[in-house]
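Report on the following structure.
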Amino acid sequence: GPARSGDGSTFRGVCSGHLRDVPEGGTVFAFVRQPSIPFQPPANPHVPMIMAGAGTGMAPFRGFLQERESLRARGVPIATSLLFLGCRDREDDLLYADELKAYEADGVATLITACSRIAGYPYRYVQHALEASADQVWDAMQHDAVVLVCGNASTMAPGVRAALVSVFRAKTGAGASDGEAWLAGLRTSHRYLEDIWGETA
């Protein structure tokens, strides 16, 4: 795409540009870093996942769903998961749309999009879509769902936390402090996991 410098040049990506310039048969130096958090799908495929992300936050969720699809294809019963995926417009930038439709058709996941650039569309960001889907979210939580959040630390992550607590309070009649305690309990039991970046809120 056009470089942000505005000088008319084309930005081709740092990593992809480097890989393009490596000659065939050349060497690329890389390292694998041990994750600092256990951000992975539940080992038990009967446990549903509630995934919330946008843009590149889709990357780990795609892998999680590919794993579940592989298990399903081999005859292993799996839980249907919820994927809350943010994008500007479903027609222009919904990543892996065809793949996600196939997962829906196969009962691997229910896709709930949150579009931020469609006039009149009711759910602007993933946290809004999550709260609007309170019945589905609460049902999954009653089946020991693990909540996985991947994306912006300053906007999306606190929004998803607040939406989840709001669902808990609406379904139980609990107060704000009880909601926060419930969320803390999910974190302690590794049922609420975040892979987030940027300034934390």
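The values are calculated or read from the model by the stated rules, or taken from the named source; none is laboratory data. This one's a predicted model, so the numbers in the text were calculated from it and none came from an experiment. Neighbour counts run over all protein chains shown; Cβ positions are idealised from the backbone, glycine included. SASA here: full protein model, heavy atoms, side chains in, ligands and nucleic acids out. Shrake-Rupley method; radii C 1.70, N 1.55, O 1.52, S 1.80 Å.
Quick notes on this structure:
- Accessible carbon and sulfur surface of region 107-176 relative to its total accessible area, %, 1.4 Å: 49 percent
- Fraction of the pair-distance distribution of the chain above 29 Å, Cα-Cα pairs, percent: 32 percent
- Helix-only [θ]222 nm of the chain, DSSP H runs n ≥ 4, -39500 (n - 2.57) each, per residue, nearest 500: -12000 deg cm²/dmol
- Per-peptide packing, taken as the mean over residues of other Cβ atoms within 10 Å, places 70-78, 10-18, 177-185, 106-114 in the sequence 106-114, 177-185, 70-78, 10-18 from highest down.
- Taking 7 Å steps out from each Cα toward its Cβ at GLN40 and LYS101 produces label points 3.3 nm apart.
- Within region 23-132, all pairs of alpha-carbon atoms sorted by distance into 5 Å bins from zero give the percentages 2, 11, 19, 20, 16, 12, 10, 6, 3, 1, 0.
- Calculated accessible area for the chain comes out at 58 Å² per residue, all protein chains present (probe 1.4 Å; ligands, DNA, RNA ignored).
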